[in-house]
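Engineer: Sharing a structure below in C-alpha cells format, with a few things to ask.
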C-alpha cells in the first residue's frame, strides 16, 4: 500500500515573491519523499492563493483548503483552513500528516487526526519561541514546541541544538535530524548558467542571503576591508533584500560607504534563483558569516548546501552544526564567529592558495551529495516512517 502523505505548509507556495529558504526546504522534503515512493500532496491555506504562482512545474499535487478571501480576522481564517483540511484529509484516505513549522492553532486538528489513526510528523527547524520580548507570539510558539512533539509520531528537526531543546521541553518519542537540503542535480547543472555579468579577473568573494544582524554581514564587510587593502584585486558581492531597512538588519549601503569599500563592493540586491546560480558559479569564494546568535545555533543555512553543491570553496563561521559537516581546510574554511581578523585571515588563505582551494571545493561537493541531497534524505525519512 502506497503511503499517502498530506504535507501542511501555512505559507504561500509557489510564492510570487520568490523561493525563501523555507519554501525550498518544503519543496525538497516533498519531492524527496515522493522520490522514495510516497504519494505526497502539499496542503496550503486557500487565502494564500493570491500570493502564490497559479501554475507550478513541480512533480507533486497542491491542495488549497479553507476560504479564499481573507476577512481580516486571521484566527478565523486559519480556523476555516483547519476545518476544511480535516474534511479533505478524511475523505481522501491519507495515512500520514506532515506539519511543517505549524503553530499552536493546529493542536485540535492534530488530536482529531490522531483519533482516526493517521500518523503525525512535526518538523521544527527554527527556535521560534526564543525572543527577549515576551509576546503572545512567543507564548504560542512555546506552547507549540511543548505540545506538538508529544503528539507527533515523529519529530524532524535540523540541528543538534534543536534536538536538545526539544528533549528538555517535550521529550519526543521519535526524533530524526534531517540537515539542510539541496537539489544537487539543479545546482550542479551549468547548462544555462551565465557568469558573464559577474565574472572578472578580480577574486570574487560572495554572500547571498539575508542581512539580519545574526547573519554577520557587517563582520564580513569589515573583514573584506582588511583583505582589500592587502589584495586590491578582490571584490565583494552582497546579494539580498537589503533595500528595506530595519533596526535588526545591517544597513549594507551605509556601512560600505562608512568603510570606504563601496568601489569594490557589488550590490545586485534581491536576485532570483537563476541569477543566484550565476553569482555562485562566477564566485571564487562563497561566505556564510553567522554570529553565535541563538537563532544561528538552532538553524543551518540552506545556502551552505547550495554553495557546496556548486563545487565552490566555502568560508563559514564555527556556529551550530556547521562543524558537524565541514572541517577547516578539508572541505571548507572555518573561522571564528564575529571575529573580523579570523575571517580576514581565512579569506586571505583562499586568495593565496588556489590549488588547495580546488581540492577543498571538490570535497565540499562530495559533502553536499552525501549529506544534503534531497533524494537521499527523502529515502531516510520514508524508511523511518515505514518503521513506525
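Quick note: the coordinates plus some simple rules give every number you see, no bench work behind them. What you see is a predicted model; the values in this text were computed from it and never measured. Quick reminder, even Gly has a Cβ in these numbers, built from the backbone with ideal geometry, and neighbours come from all protein chains shown.
Engineer: Starting from the Cα gyration tensor of region 185-372, take the square roots of the eigenvalues, sort them a ≥ b ≥ c, and report rounded, prolate or oblate (rounded when a/c is under 1.5, otherwise prolate if a/b is larger than b/c, else oblate).
Structural biologist: Rounded is the answer for region 185-372, as its axis ratio a/c remains below 1.5.
Engineer: Tell me what the chain gives for mean residue ellipticity at 222 nm when only DSSP H runs of n ≥ 4 count, each as -39,500 (n - 2.57), the sum divided by the residue total, rounded to 500 deg cm²/dmol. Mind showing how you got there, number by number?
Structural biologist: Values: 15 runs with 163 residues, N = 388.
Computed ellipticity for the chain at 222 nm equals -12500 deg cm²/dmol.
Engineer: Please give the contour-minus-distance gain from residue 263 to residue 67: 0.36 nm per residue of separation, less the Cα-Cα distance, rounded to one decimal in nm.
Structural biologist: Values: separation 196, 0.36 × 196 = 70.56 nm, distance 5.09 nm.
So the extension gain works out to 65.5 nm.
Engineer: Something else: How many angstrom lie between the C-alpha centres of region 330-380 and region 103-157?
Structural biologist: The distance from the Cα centre of region 330-380 to that of region 103-157 comes to 34 Å.
Engineer: Another question, then. Which angle from 0 to 90°, rounded to the nearest 10, does the C-alpha axis of helix 21-36 make with the longest principal axis of the chain?
Structural biologist: With rounding to tens, the tilt is 60 degrees.
Engineer: Next question, about the same structure. Helix 273-282 versus the longest principal axis of the chain: what is the Cα-based angle in degrees, 0 to 90, to the nearest 10?
Structural biologist: Computed tilt is about 30 degrees.
Engineer: Here is a further query. Go ahead and run the numbers for FRET between residue 163 and residue 197, Cβ-Cβ distance against an R0 of 41 Å, rounding to 0.05.
Structural biologist: The computed FRET efficiency comes out at 0.50.
Engineer: If each of residue 251 and residue 328 carries a label point 7 Å out from its Cα toward its Cβ, how far apart are those two points in nm?
Structural biologist: Taking the two extended label points, one gets 3.5 nm.
Engineer: Something else now. Looking at (1) -0.55, -1.02, -1.21, -1.42; (2) -0.55, -0.96, -1.11, -1.25; (3) -0.49, -0.88, -1.04, -1.21, which value of log10 I(q)/I(0) by the Debye sum over Cα atoms at q = 0.09, 0.12, 0.13, 0.14 Å⁻¹ comes from a calculation on the structure shown?
Structural biologist: Given (1) -0.55, -1.02, -1.21, -1.42; (2) -0.55, -0.96, -1.11, -1.25; (3) -0.49, -0.88, -1.04, -1.21, the structure-derived one carries the label (2).
Engineer: Under the rule a/c < 1.5 gives rounded, and otherwise a/b versus b/c splits prolate from oblate, where does region 70-168 land using the Cα gyration tensor?
Structural biologist: Working: a/c = 2.49, a/b = 1.24, b/c = 2.01.
It comes out oblate by the Cα gyration axes.
Engineer: Evaluate the relative contact order of region 185-372 (contact order divided by residue number), counting alpha-carbon pairs under 8 angstrom at least 6 apart; express in whole percent.
Structural biologist: Computed value for region 185-372: 24 percent relative contact order.
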